[in-house]
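One structure is given here, and the rest of the page talks about it.
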Amino acid sequence: MSRVDEARPILLVEDNEDDEALTLRAFAKNNIHNPIVVVRDGADALDWVFRRGAYADRGPAEPSVILLDLKLPKVDGLEVLAQIRATPATHLLPVVILTSSKEESDRLRGYELRANSYIRKPVDFNAFLDAVREIGLYWLVLNEPPPGTGPR
């Protein structure tokens, strides 16, 4: 990949350690070198996004993209998305739901809350590699973020 803004992190919100390892391996295998911040529950995701608690001093860079699982401890992914969208400072952050949920109601609610995309995690590793490559290509190389939301 070229033209990737490697300074802006990817926020991976994932409570399953196996899915986290798979995602990190897929990023590495696809030469995606952005820093990847992993949080394991919805409360930590909100603290990271809003610079609270342990993340109060995390620095100014907003994420290139937030990869958000739905079934999370403490605060579920749809509530995380709702709070991100309800706050003027974060409402334009790109949020991609990356989940194993096959529930149509989850997909509908995610889009109602203005998720940028909804991707079901493929079970097959090679299909998962392809999905992560496409996520990286689109969100880190091709996508032009809204003006004033971060470097390009």
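The label point for ALA56 and the one for TYR138, both projected 7 Å from the Cα toward the Cβ, are 3.8 nm apart. Here's the list of aspartates and glutamates a cross-link from LYS121 could span, going by alpha-carbon distance under 16 Å and ignoring same-chain residues fewer than 8 apart: GLU14, ASP15, GLU17, ASP18, ASP19, GLU20, ASP69, GLU103, GLU104, ASP106, ASP130, GLU134.
Calculate the FRET efficiency for GLU104 and LYS74 from the Cβ-Cβ distance with a Förster distance of 30 Å, rounded to the nearest 0.05. Don't skip to the answer; put the middle values down first.
Working: r = 25 Å, r/R0 = 0.83.
Efficiency at R0 = 30 Å is approximately 0.75.
State in Å² the accessible area per residue of segment 1-124; use a 1.4 Å probe, count heavy atoms of protein chains only, and round to the nearest integer.
Working: 6240 Å² over 124 residues.
Roughly 50 Å² per residue, with all protein chains present.
In µm²/s, what is D for segment 10-50 at 37 °C and 0.692 mPa s, where D = kT/(6 pi eta Rh) by Stokes-Einstein and Rh is the Kirkwood radius from Cα pairs? D, rounded to a whole number, is 308 µm²/s. Measure off, as a whole percent, the carbon and sulfur share of the 1.4 Å-probe accessible area of the chain, all protein chains present. Result for the chain: 51 percent of the exposed heavy-atom area is carbon or sulfur.
Please state the relative contact order of the chain as a whole percent: Cα pairs under 8 Å, 6+ residues apart?
Across the chain, relative contact order equals 26 percent.
Annotation: amide H of ILE119 within the under-5 Å range of ILE97, LEU98, THR99, sequence separation 5 or more or interchain, hydrogens built in the peptide plane. Segment 65-136 gives an Rg/Rh value of 0.98, both radii derived from C-alpha positions and Rh following Kirkwood.
Hydrodynamic radius of the chain by the Kirkwood approach over all distinct alpha-carbon pairs: 15.5 Å. Can you give the direction-averaged projected area of the convex hull of the alpha-carbon atoms in segment 50-101, in nm²? That works out to 4.0 nm².
When the gyration tensor of segment 1-82 is built from Cα positions, what are the square roots of 5 times its three eigenvalues, in whole Å, from largest to smallest? Numbers along the way, then the final one.
Working: eigenvalues 89, 55, 19 Å².
That gives 21, 17, 10 Å for the three semi-axes.
Helix-only arithmetic for the chain: the sum of -39500 (n - 2.57) across DSSP H runs with n ≥ 4, divided by the residue total, places the mean residue ellipticity at 222 nm at -10000 deg cm²/dmol.
The residues packed around ASP76, meaning those with a beta-carbon under 15 Å from its beta-carbon, carry a net charge of -3 if Lys and Arg are +1 and Asp and Glu are -1. Were the residues from ALA21 through HIS91 laid out at 0.36 nm apart, the gain over their Cα-Cα distance would be 22.4 nm.
The values are calculated or read from the model by the stated rules, or taken from the named source; none is laboratory data. Keep in mind that this is a model prediction, so the values were computed, not measured. Cβ coordinates were reconstructed from backbone atoms using ideal geometry, including for glycine residues, and neighbour counts include every protein chain displayed. Just the protein is used for accessible areas: all its heavy atoms, side chains included, with ligands, DNA and RNA removed. Shrake-Rupley method; radii C 1.70, N 1.55, O 1.52, S 1.80 Å.
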